[in-house]
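Below you'll find the structure, written out as structure tokens, and then a few comments.
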Protein chains: 2
Amino acid sequence: MKAEILTIGDEVLRGEIVDSNKALLAQRLLSLDIECHYQSSIRDDRRDMDEAFSRAVERSDVLLVSGGLGPTRDDITTEVISETFGRPLFLDEASLEAIRAFFRNVDREMSETNRKQAFFPEGAEVLVNPVGTAPGFALEQSGCLIFCMPGVPRELSLMMDEQVLPRLEDLAGGTRVRARILRTFGIGESSLESELSDLARKGGAEIAFRTTFPDNLLRIIARGRSTSEVDMQIDQLVEVVRERLGDLVYAEEDESMASTVVRLFGERSAQIAVAESCTGGLIAQSLTSIPGASGCFLGGVVSYANRAKETLLGVPESMLAEFGAVSEPVARTMAEQVRQQFGADVGVATTGISGPDGGTEEKPVGLVHLAMSWGPGPGSASAGLHSDHFVFPLDRQRHRVLTTQVALDWMRRWALGLELVGPTLLRKRGGSSAPMHRGAPAANP
Amino acid sequence: MKAEILTIGDEVLRGEIVDSNKALLAQRLLSLDIECHYQSSIRDDRRDMDEAFSRAVERSDVLLVSGGLGPTRDDITTEVISETFGRPLFLDEASLEAIRAFFRNVDREMSETNRKQAFFPEGAEVLVNPVGTAPGFALEQSGCLIFCMPGVPRELSLMMDEQVLPRLEDLAGGTRVRARILRTFGIGESSLESELSDLARKGGAEIAFRTTFPDNLLRIIARGRSTSEVDMQIDQLVEVVRERLGDLVYAEEDESMASTVVRLFGERSAQIAVAESCTGGLIAQSLTSIPGASGCFLGGVVSYANRAKETLLGVPESMLAEFGAVSEPVARTMAEQVRQQFGADVGVATTGISGPDGGTEEKPVGLVHLAMSWGPGPGSASAGLHSDHFVFPLDRQRHRVLTTQVALDWMRRWALGLELVGPTLLRKRGGSSAPMHRGAPAANP
């Protein structure tokens with residue numbers, strides 16, 4: 001089955017927005033194993049749209065259109081479809097009522113211009129929009145199934161998932177396709193692939209790999225005659241993969257590492273504090289971006305300057321002088337102190353050289369020390385202190401992101417009673433693998 | 001002049017990456033006032049590429065292609081162009097030598113597969129790539145000027161700016177086009193437009209508006225017969241706009257607010273500390289993401305929990321009990337305390353309710369108190385304390401981003417000796433304007 005995506009709107013063509021709708025729709029198609037052959041964007045222009053629609057129905061089996069369904073004069077998708085394919089518009093009373101209801105709900109008057117959103121080309125099946133005023137529609141034309149959806153990402157994503165995907169499944173000859181994402185951190189893509197090479201296809205399910213720095217994702221996909229059959233195939237493969245990879249799999253689907261940490265610590269009523277030097281607030285920011293973070297995150301100290309390490313975190317001046325700010329003793333003191341000062345169960349500290357400047361022969365750009373301190377409490381019977389150091393040969397931003405992810409992963413590992421390990425390999429796409437771990441983990445006291 | 005953008009690569013079609021190259025190229029075209037009529041993406045597929053190239057030269061005057069110039073078997077852009085337009089490939093010795101030199105520089109052996117990157121279709125003009133192995137090329141075909149560039153964003157952007165844009169300027173009949181961006185914060189887009197309506201076109205220059213939350217950008221664009229003429233036109237209009245808008249313009253081109261703050265404080269040898277509650281580390285993170293931030297940023301306290309406000313920032317328990325954590329006295333104490341504890345010249349504090357939960361009748365979701373404390377020093381003759389509060393009716397993430405921007409803008413204003421004001425209006429795209437400022441600024445003591 002050949003699919004095609006078409007997004008409509010002047011703002012895309014002017015480069016004013018990076019159009020993420022196309023990637024969203026392509027991912028969804030892929031979840032049904034339907035390959036997308038073309039993606040195009042055109043302006044709100046009658047002739048360009050007419051041409052694009054005509055070409056698409058000739059060369060594709062499925063056409064997903066987003067945009068141009070709004071109430072303004074620029075929004076002409078429905079009109080052009082009607083003209084291009086000679087299908088007069090009809091008024092759908094149910095849609096008109098739904099639009100009226102939408103405005104009643106938000107306590108606003110429906111404008112006359114919204115009326116046009118209740119008109120559809122002859123033969124179209126209406127796709128309701130529970131979160132906006134623009135209904136979509138499906139239409140078969142010359143053997144091509146056209147789905148017109150709104151351009152607002154939230155409305156588009158809901159309509160695609162709830163109304164278009166089920167119809168596409170039916171179209172795929174009754175074949176059911178399901179996919180599930182497993183998120184891994186700490187293992188390079190090539191190691192992951194060789195680790196799972198014998199499972200790449202197993203039963204009716206298969207595994208695809210994708211890197212989203214600093215994570216590597218696995219997409220487990222299965223096809224079959226019934227939903228229960230494919231779900232079972234996926235469950236089985238997921239179980240085998242999880243057994244093989246163990247704690248390298250940190251979450252499924254869209255759950256981020258920070259979100260995982262907030263969930264795990266919340267469940268355990270355990271509390272976190274962080275002392276950040278090189279990450280400069282990024283760990284705190286990642287945790288607090290998750291709604292409900294206040295349930296487990298007490299706060300942190302960003303001790304960017306040395307004096308802040310002394311006065312706020314009680315790192316002795318002599319220690320800074322002897323070992324330097326980027327050192328194991330300093331990281332350990334920071335973790336210990338921040339935990340005590342916030343009265344947290346767990347304290348995590350980072351100190352490193354993210355670059356681009358500040359490296360020396362002995363302490364190169366990319367070096368980072370991490371430490372974690374914990375008291376006896378919800379997650380652990382006894383107190384402990386763990387530290388480790390790495391050299392991440394990355395630019396400033398990616399160095400901070402990777403260090404943050406290691407810190408968050410240590411929190412997850414602590415909550416689950418797992419060993420506190422760091423990433424051992426990072427394989428850059430198309431590049432060579434580089435050992436990133438330097439030095440053995442310090443023993444827990 | 002009709003331009004068209006074509007990006008090539010399976011990863012785009014699968015939705016594995018959000019393709020930002022298209023937006024980048026469209027923006028650059030716009031900077032020359034060339035409108036982009038089509039954007040498409042296709043797979044690394046011989047037939048699809050042949051079709052796309054043929055159609056593009058028929059309907060467009062300029063075709064920008066990105067991707068498919070690498071050394072692997074998938075990279076077939078050059079080959080397909082050669083076949084589609086009947087132009088045999090020739091070896092460009094200078095390019096081969098440049099590729100060899102590239103590998104010598106990074107101390108690696110050139111692979112035989114890289115040889116193919118030195119071949120070009122007959123009639124092509126080579127576009128050198130100083131930062132990668134893939135040269136690009138320009139070619140005129142049936143009246144359409146084709147530019148093929150690499151897909152790696154850094155290489156693409158450099159080649160576009162340094163080699164393609166000058167050629168497009170020449171193509172535009174010797175007309176020179178230049179644009180400059182002015183970045184504003186704190187004024188709604190509609191207010192901005194009406195403020196500048198009489199200047200929208202002045203002399204040979206004009207103004208276009210664009211919103212990139214939380215900023216509003218002005219693009220000043222001019223056309224003329226010579227570079228010096230258009231530069232003068234832009235300078236003149238920029239001067240008038242800057243005079244009209246005053247301190248609402250915080251930077252030009254790509255300089256962010258955080259970067260502006262780091263620069264201004266660095267120039268003044270003034271130092272910053274932050275106490276963050278609702279922003280949860282985002283202010284610290286924004287500042288430390290700028291290389292060289294350690295020159296002015298001492299650090300901060302993320303006092304997410306109430307107890308952290310007491311123990312680390314000395315906010316009296318009685319004050320928290322009487323006024324609540326989200327209150328003016330607490331914000332003021334936090335700012336004052338963090339400045340003193342870090343020994344900074346300026347302390348900034350945030351405390352608010354970013355949502356989605358936690359609001360009350362009296363203190364709704366969206367409420368935020370900010371405070372800034374400063375001592376006598378580089379930026380100010382006398383010490384001071386300023387606070388203000390706002391209700392930003394935004395989701396959690398945008399609430400945090402806007403609050404952070406206000407905090408950073410106060411730092412900029414302090415460094416420049418300007419009044420500490422907040423955003424008065426925020427106009428949502430297509431929505432209605434809402435007053436965002438609640439309460440008068442507290443007097444400086």
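Checking residue A:309 against (1) of a type outside the set (A, V, I, L, M); (2) surrounded by 24 or more Cβ atoms within 10 Å (Cβ to Cβ); (3) in contact with a strand residue (DSSP E or B) (Cβ under 8 Å, 6 or more places away or on another chain); (4) within 8 Å of chain B (Cβ to nearest Cβ), which test does it fail?
Among (1) of a type outside the set (A, V, I, L, M); (2) surrounded by 24 or more Cβ atoms within 10 Å (Cβ to Cβ); (3) in contact with a strand residue (DSSP E or B) (Cβ under 8 Å, 6 or more places away or on another chain); (4) within 8 Å of chain B (Cβ to nearest Cβ), the lone unmet condition for residue A:309 is (4).
Say whether the condition of being among the β-branched types (Val, Ile, Thr) and either outside any loop (DSSP other than H, G, I, E, B) or open to solvent by less than 10 Å² (accessible area, probe 1.4 Å) (or both) is met by at least one residue in the stretch B:13-31.
At the first step, the residues of the stretch B:13-31 found to be among the β-branched types (Val, Ile, Thr) are B:17-18.
Then keep just the ones that are either outside any loop (DSSP other than H, G, I, E, B) or open to solvent by less than 10 Å² (accessible area, probe 1.4 Å) (or both); that gives none.
Checked the stretch B:13-31: no residue is among the β-branched types (Val, Ile, Thr) and either outside any loop (DSSP other than H, G, I, E, B) or open to solvent by less than 10 Å² (accessible area, probe 1.4 Å) (or both).
What do you reckon, is residue B:347 in contact with a Lys or Arg (Cβ under 9 Å, 6 or more places away or on another chain), in the same structural domain as residue B:277 (by TED's automatic domain parsing), closer than 23 Å to residue B:264 by Cα and surrounded by fewer than 24 Cβ atoms within 10 Å (Cβ to Cβ)?
Details: in contact with a Lys or Arg (Cβ under 9 Å, 6 or more places away or on another chain): yes; in the same structural domain as residue B:277 (by TED's automatic domain parsing): yes; closer than 23 Å to residue B:264 by Cα: yes; surrounded by fewer than 24 Cβ atoms within 10 Å (Cβ to Cβ): no.
For residue B:347, the condition - in contact with a Lys or Arg (Cβ under 9 Å, 6 or more places away or on another chain), in the same structural domain as residue B:277 (by TED's automatic domain parsing), closer than 23 Å to residue B:264 by Cα and surrounded by fewer than 24 Cβ atoms within 10 Å (Cβ to Cβ) - is not met.
Based on what the data block shows, is residue A:34 over 30 Å from residue A:182 (Cβ atoms), more than 7 Å from chain B (Cβ to nearest Cβ), among the hydrophobic types (A, V, I, L, M, F, W, C) and touching a residue at least 60 places away in the same chain (Cβ under 8 Å)? Break it down stepwise before answering.
On the way: over 30 Å from residue A:182 (Cβ atoms): no; more than 7 Å from chain B (Cβ to nearest Cβ): yes; among the hydrophobic types (A, V, I, L, M, F, W, C): yes; touching a residue at least 60 places away in the same chain (Cβ under 8 Å): yes.
Considered against the rule, which asks whether it is over 30 Å from residue A:182 (Cβ atoms), more than 7 Å from chain B (Cβ to nearest Cβ), among the hydrophobic types (A, V, I, L, M, F, W, C) and touching a residue at least 60 places away in the same chain (Cβ under 8 Å), residue A:34 comes out as no.
Looking at A:87, A:108, which one is open to solvent by 50 Å² or more (accessible area, probe 1.4 Å) and basic (Lys, Arg)? Break it down stepwise before answering.
Values: A:87 fails: open to solvent by 50 Å² or more (accessible area, probe 1.4 Å).
From the options A:87, A:108, the qualifying one is A:108.
Residue under question is residue B:401, and the condition is that it be of a type in the set (A, V, I, L, M), surrounded by fewer than 22 Cβ atoms within 10 Å (Cβ to Cβ) and under 20 Å from residue B:300 (Cβ atoms); does it hold? If you could, list the steps in order and put the result at the bottom.
Details: of a type in the set (A, V, I, L, M): yes; surrounded by fewer than 22 Cβ atoms within 10 Å (Cβ to Cβ): yes; under 20 Å from residue B:300 (Cβ atoms): yes.
The answer is yes for residue B:401.
So residue A:339 fits all but one of (1) open to solvent by 40 Å² or more (accessible area, probe 1.4 Å); (2) on the phi < 0 side of the Ramachandran plot; what number is the exception?
Among (1) open to solvent by 40 Å² or more (accessible area, probe 1.4 Å); (2) on the phi < 0 side of the Ramachandran plot, the lone unmet condition for residue A:339 is (1).
Got a number for residues in the stretch B:389-422 being in contact with a Lys or Arg (Cβ under 9 Å, 6 or more places away or on another chain) and not in a loop (DSSP other than H, G, I, E, B)?
4
Exactly one condition in (1) over 16 Å from residue A:147 (Cα atoms); (2) more than 7 Å from every other protein chain (Cβ to nearest Cβ) is not met by residue A:67; state its number.
(1) is the only condition that residue A:67 fails.
Inspect all residues belonging to the stretch A:69-77 and state whether any of them is assigned by TED's automatic domain parsing to the domain that holds residue A:163, in contact with a helix residue (DSSP H, G or I) (Cβ under 7 Å, 6 or more places away or on another chain), among the hydrophobic types (A, V, I, L, M, F, W, C) and in a helix (DSSP H, G or I).
No: the stretch A:69-77 contains no residue that is assigned by TED's automatic domain parsing to the domain that holds residue A:163, in contact with a helix residue (DSSP H, G or I) (Cβ under 7 Å, 6 or more places away or on another chain), among the hydrophobic types (A, V, I, L, M, F, W, C) and in a helix (DSSP H, G or I).
All but one of (1) over 16 Å from residue A:6 (Cα atoms); (2) touching a Gly at 6+ places or on another chain (Cβ under 8 Å); (3) open to solvent by 30 Å² or more (accessible area, probe 1.4 Å) hold for residue A:117; which doesn't?
Status for residue A:117: all satisfied but (3).
Is it fair to say residue B:300 is modelled with pLDDT of 95 or more, open to solvent by less than 20 Å² (accessible area, probe 1.4 Å) and within 13 Å of chain A (Cβ to nearest Cβ)?
Values: modelled with pLDDT of 95 or more: yes; open to solvent by less than 20 Å² (accessible area, probe 1.4 Å): yes; within 13 Å of chain A (Cβ to nearest Cβ): yes.
Yes, satisfied.
Residue under question is residue B:41, and the condition is that it be assigned by TED's automatic domain parsing to the domain that holds residue B:147, surrounded by 21 or more Cβ atoms within 10 Å (Cβ to Cβ), farther than 30 Å from residue B:111 by Cα and not hydrophobic (A, V, I, L, M, F, W, C); does it hold?
Spelling it out, it is not the case that residue B:41 is assigned by TED's automatic domain parsing to the domain that holds residue B:147, surrounded by 21 or more Cβ atoms within 10 Å (Cβ to Cβ), farther than 30 Å from residue B:111 by Cα and not hydrophobic (A, V, I, L, M, F, W, C).
Regarding residue B:412, is this residue closer than 25 Å to residue A:308 by Cα, open to solvent by less than 20 Å² (accessible area, probe 1.4 Å) and basic (Lys, Arg)?
Numbers: closer than 25 Å to residue A:308 by Cα: yes; open to solvent by less than 20 Å² (accessible area, probe 1.4 Å): yes; basic (Lys, Arg): yes.
Against the criterion (closer than 25 Å to residue A:308 by Cα, open to solvent by less than 20 Å² (accessible area, probe 1.4 Å) and basic (Lys, Arg)), residue B:412 qualifies.
Among the residues of the stretch A:11-28, write down those that are facing another protein chain (nearest Cβ under 9 Å) and touching a residue at least 60 places away in the same chain (Cβ under 8 Å).
Correct list: A:20, A:24, A:25, A:28.
Among the residues of the stretch B:396-428, which ones are in contact with an Asp or Glu (Cβ under 8 Å, 6 or more places away or on another chain) and modelled with pLDDT under 50?
B:427
What's the total number of residues in the stretch A:85-133 that are in contact with a helix residue (DSSP H, G or I) (Cβ under 6 Å, 6 or more places away or on another chain) and assigned to a loop (DSSP other than H, G, I, E, B)?
6
Is one or more of the residues making up the stretch A:219-240 closer than 30 Å to residue B:395 by Cβ, of a type outside the set (A, V, I, L, M, F, W, C) and either part of a loop (DSSP other than H, G, I, E, B) or within 14 Å of chain B (Cβ to nearest Cβ) (or both)? Break it down stepwise before answering.
The first filter runs over the stretch A:219-240 and keeps only residues closer than 30 Å to residue B:395 by Cβ, leaving A:219.
The next check asks that each one be of a type outside the set (A, V, I, L, M, F, W, C); those that pass are A:219.
Add one more test, that the residue is either part of a loop (DSSP other than H, G, I, E, B) or within 14 Å of chain B (Cβ to nearest Cβ) (or both), and what stays is A:219.
Checking the stretch A:219-240: at least one residue is closer than 30 Å to residue B:395 by Cβ, of a type outside the set (A, V, I, L, M, F, W, C) and either part of a loop (DSSP other than H, G, I, E, B) or within 14 Å of chain B (Cβ to nearest Cβ) (or both).
Name every residue in the stretch A:134-186 that is surrounded by fewer than 20 Cβ atoms within 10 Å (Cβ to Cβ), among the hydrophobic types (A, V, I, L, M, F, W, C) and over 28 Å from the mean Cα position of the chain (by Cα), in order of residue number.
A:138, A:144, A:171 - these are the residues of the stretch A:134-186 that are surrounded by fewer than 20 Cβ atoms within 10 Å (Cβ to Cβ), among the hydrophobic types (A, V, I, L, M, F, W, C) and over 28 Å from the mean Cα position of the chain (by Cα).
In the stretch B:350-372, how many are of a type in the set (Lys, Arg) and either touching a residue at least 40 places away in the same chain (Cβ under 8 Å) or not assigned by TED's automatic domain parsing to the domain that holds residue B:274 (or both)? Write out each step before concluding.
Pass one, the stretch B:350-372, residues of a type in the set (Lys, Arg): B:363.
With the extra rule that they be either touching a residue at least 40 places away in the same chain (Cβ under 8 Å) or not assigned by TED's automatic domain parsing to the domain that holds residue B:274 (or both), the set shrinks to none.
Residues flagged as of a type in the set (Lys, Arg) and either touching a residue at least 40 places away in the same chain (Cβ under 8 Å) or not assigned by TED's automatic domain parsing to the domain that holds residue B:274 (or both) within the stretch B:350-372 amount to 0.
Which one of these does residue B:204 not meet: (1) open to solvent by 50 Å² or more (accessible area, probe 1.4 Å); (2) farther than 23 Å from residue B:94 by Cβ?
(1)
Going by what's in this entry, would residue B:382 be described as within 13 Å of chain A (Cβ to nearest Cβ) and open to solvent by 40 Å² or more (accessible area, probe 1.4 Å)? Don't jump to the end; show me each part of the working.
On the way: within 13 Å of chain A (Cβ to nearest Cβ): no; open to solvent by 40 Å² or more (accessible area, probe 1.4 Å): yes.
Answer is no for this residue.
Identify the single condition in (1) over 12 Å from residue A:272 (Cα atoms); (2) away from chain B (no Cβ under 14 Å); (3) surrounded by fewer than 23 Cβ atoms within 10 Å (Cβ to Cβ) that residue A:356 does not satisfy, given that it satisfies every other one.
Status for residue A:356: all satisfied but (2).
Would you confirm whether or not the stretch B:329-337 contains a residue that is farther than 22 Å from residue B:385 by Cβ and either assigned by TED's automatic domain parsing to the domain that holds residue B:411 or aliphatic (A, V, I, L, M) (or both)?
No, that holds for no residue.
Look through A:277, A:286, A:269, A:259 and report the one residue that is open to solvent by 20 Å² or more (accessible area, probe 1.4 Å), polar (S, T, N, Q), facing another protein chain (nearest Cβ under 10 Å) and in contact (Cβ under 8 Å) with a residue 12 or more places away in the chain. Working first, answer last.
Numbers: A:277 fails: open to solvent by 20 Å² or more (accessible area, probe 1.4 Å); A:269 fails: facing another protein chain (nearest Cβ under 10 Å); A:259 fails: facing another protein chain (nearest Cβ under 10 Å).
Step by step, each of A:277, A:286, A:269, A:259 is checked, and only A:286 is open to solvent by 20 Å² or more (accessible area, probe 1.4 Å), polar (S, T, N, Q), facing another protein chain (nearest Cβ under 10 Å) and in contact (Cβ under 8 Å) with a residue 12 or more places away in the chain.
The values are calculated or read from the model by the stated rules, or taken from the named source; none is laboratory data. Fair warning: this is a prediction, and the values are worked out from it, not measured in the lab. With ideal geometry, Cβ positions are generated from the backbone for all residues, glycine too; neighbour counts draw on all protein chains shown. Ligands, DNA and RNA are stripped out before the accessible areas are found, and what is left, the full protein with its side chains, is counted by its heavy atoms. Shrake-Rupley method; radii C 1.70, N 1.55, O 1.52, S 1.80 Å.
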